[in-house]
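A short write-up of the structure that comes next.
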Amino acid sequence: MSAAIDGELTPKEEEELVSHLAECPECRAEFQDAKNTKIIIRERIVRVQAPKTLLESIVRMTTVSS
Amino acid sequence: MKDKKQLLSPQEELKQKEFQQEAVAHINALYNYALHLTMNPDDAEDLVQETYLKAYKFFNSFERGTNCKAWLFKILKNNYINKFRKNAREPGKVDYDLIKDFYHTIKDVQSDTTEAESDFFHSLLHEEVYQALQSLPEEFREVIQLCDIEGFTYEEIANMVESPIGTVRSRLYRGRKLLRAKLEDYAKKRGYDTDSGE
């Protein structure tokens with residue numbers, strides 16, 4: 001189930017899953033739940049920019065000959 | 001005064017150029033991962049800085065053509081374990097005040113998002129989702145972060161957490177189930193009926 005959501009199934013596995021989901025409402029609901037859970041994590045976890053000073057110091061450290 | 005660049009060999013110059021292009025480009029992802037691990041901006045900065053220093057030192061061992069971001073994440077994770085393991089919190093224990101403070105620190109920055117479709121998800125706050133994620137046992141939280149937030153493949157995650165792909169798969173499955181239950185609790189507290197709809 002997780003592998004299907006993450007696009008990690010082989011074409012054959014995917015085919016089997018699609019035909020199973022078509023006839024199994026429980027698995028269909030579970031599949032949708034798992035999918036929504038992935039979406040909410042991706043969308044609601046706040047992403048921040050790295051501080052400019054950090055970027056500058058890393059560029060500096062890896063530019064100057066050591 | 002001598003120009004420092006003149007001291008560099010052509011190989012070293014090439015290495016620097018490649019490093020800037022390949023590795024430094026991932027600084028935001030690394031910083032976010034470090035923040036989630038340490039929950040502290042100063043520690044996160046230190047961790048990222050040390051990661052880049054180490055990565056630069058060993059850049060020759062980076063296998064060209066593989067995912068540089070995954071390589072950097074692995075270095076960061078190892079650094080984190082060496083540096084902070086002693087003080088690591090126990091699995092399942094969540095310091096809600098720490099999360100509140102953390103969100104207060106970074107609240108100026110909003111993620112640019114499109115919304116999930118269901119009403120139940122609409123009702124959840126960023127902070128609640130983060131608390132739910134942080135409350136998962138580390139082995140589940142880690143794979144969910146690496147997969148859903150950072151977009152690594154199962155193979156890359158397996159390499160990072162040093163476990164077989166099958167283990168990654170089952171941790172993701174179980175982790176998402178646990179997470180879903182926690183998110184439903186938040187939604188219910190807000191008066192949403194999570195059993196209907198969908």
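A few notes on this one:
- Taking 21 Å as the limit for the C-alpha separation, the pairs B:Lys54/B:Lys74; A:Lys12/B:Lys74; A:Lys52/B:Lys83 exceed it in the case of A:Lys12/B:Lys74; A:Lys52/B:Lys83.
- Short-range pairs are left out: with C-alpha atoms under 8 Å and at least six residues apart, the relative contact order of segment B:13-88 is 33 percent.
- Cβ-derived FRET efficiency at R0 22 Å, A:Lys52 paired with B:Lys83, nearest 0.05: 0.40
- Debye log10 I(q)/I(0) at q = 0.25 Å⁻¹ for segment A:2-61, Cα point scatterers: -1.02
- On full extension, the segment bounded by B:Asp46 and B:Gln11 gains 9.8 nm, given 0.36 nm per residue less the C-alpha separation.
- With neighbour counts taken as other beta-carbon atoms within 10 Å, the residues A:Met61, A:Met1 rank, fewest first, as A:Met61, A:Met1.
- Among the trypsin sites (Lys or Arg not before Pro) in segment B:1-86, those placed in a DSSP loop whose Cβ has at most 14 other Cβ atoms within 10 Å are B:Lys2, B:Arg64.
FYI, it's all coordinate maths here, none of it is from the lab. Since the model is a prediction, treat every value here as computed from it, not as a measurement. Note that each Cβ is placed from the backbone with ideal geometry, even for glycine, and that neighbours are counted across all protein chains shown.
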